[in-house]
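Take a look at the structure below.
Please treat every number below as a calculation from the coordinates, not as lab data. Treat the numbers as computed from the prediction; the structure is a model and nothing was measured. Don't worry about glycine lacking a Cβ; one is built from the backbone with ideal geometry, like all the others, and counts go over all protein chains shown.
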Amino acid sequence: MATGEANCKRCGCRLARGDVQQMAVFYRTEETALVAAQYVCPRCGATEWQRYDGEPFGAEAPAVTATERQVSVAAPCDHPITFDEYLDFILALIELSPADMRALHESV
């Protein structure tokens, strides 16, 4: 919400800073940081998350050593999961709708 240009994903209502419930910064090892904001829409009451590029927020990743970048994986594989891929997965889960979550749960 750094630019003040945010709308509700469900109804399109313009959001204000006061509608934000919480914010989280996701530091990446190789890409720019991401900022996620959770808001409650004043019109429809939807609670949603939106992602933003971290640069306008001044979210710079702390220095990370090569050892800290490695992700240990129990089973050997050609391409271990990186921290950035882990964050992308978590952010994709956050954006799933309740219907998507039910379908995912039923398919397991």
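Within a Cβ distance under 13 Å of Met23, other residues only, what is the Lys/Arg minus Asp/Glu net charge? Before the final figure, lay out each step's value.
Numbers: positive: Arg17, Arg51; negative: Asp19.
Result for the local shell: +1.
Would you mind getting me the FRET efficiency between Ala99 and Arg17? Use the beta-carbon distance for r and R0 = 30 Å, nearest 0.05. Write down the numbers at each step before the final one.
On the way: r = 30 Å, r/R0 = 0.99.
Calculated value: 0.50.
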Output ³J(HN,Hα) for segment 28-44: one whole-Hz value per residue in order, computed from phi by the Karplus curve 6.51 cos²θ - 1.76 cosθ + 1.60 with θ = phi - 60°, and x for Gly and Pro.
-> 10, 7, 10, 10, 5, 5, 10, 10, 10, 10, 9, 9, 10, 5, x, 8, 9
